[in-house]
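To start, the structure under review is shown below, and the notes come after it.
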Amino acid sequence: MDRRRSHRYDFEGPVTFLWRDQESAWQKGQGSARDISDVGIFVFSEYQPPVGSTVQLETCFAHTGLTESVQIQASGEIIRVDEVSKSQVKRGFAVSTDSLRLFDSKPGHVSGRF
């Protein structure tokens with residue numbers, strides 16, 4: 001039985017994210033989204049913020065039916081990190097979001113806020 005609180009939507013797109021390391025210095029990473037919901041996002045990335053870290057994310061969603069793309073900014077907590085295994089080619093992490101905002105954007109444009 002699926003115990004998820006919300007429906008996940010397949011979503012592939014570049015993601016830029018920030019988190020603070022153990023010395024409270026900002027770290028920046030890039031990756032690609034696997035899926036998104038109103039309560040979370042999963043990101044494939046070689047960068048692995050530790051579980052419990054607060055992370056800020058930004059991505060852009062373009063759809064053929066839209067004249068402009070949608071910029072997504074989110075923040076939340078890393079709740080799981082998936083390491084590479086024999087059955088898994090990519091590393092990634094799951095974020096439980098506490099904030100998710102949508103903005104109009106030019107196609108292919110990410111604001112560069114990060």
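Read-outs throughout are calculated quantities, based only on the coordinates presented, and are distinct from any laboratory measurement. Computed from a predicted model, the values in this text were never measured in an experiment.
What to note about this one:
- Average Cα contact separation per residue, region 9-105, under 8 Å, 6 or more apart, as relative contact order %: 26 percent
- Solvent-free Debye calculation, one equal scatterer per alpha-carbon of region 9-105: log10 I(q)/I(0) at 0.12, 0.21, 0.22, 0.24 Å⁻¹ equals -0.37, -1.03, -1.12, -1.28.
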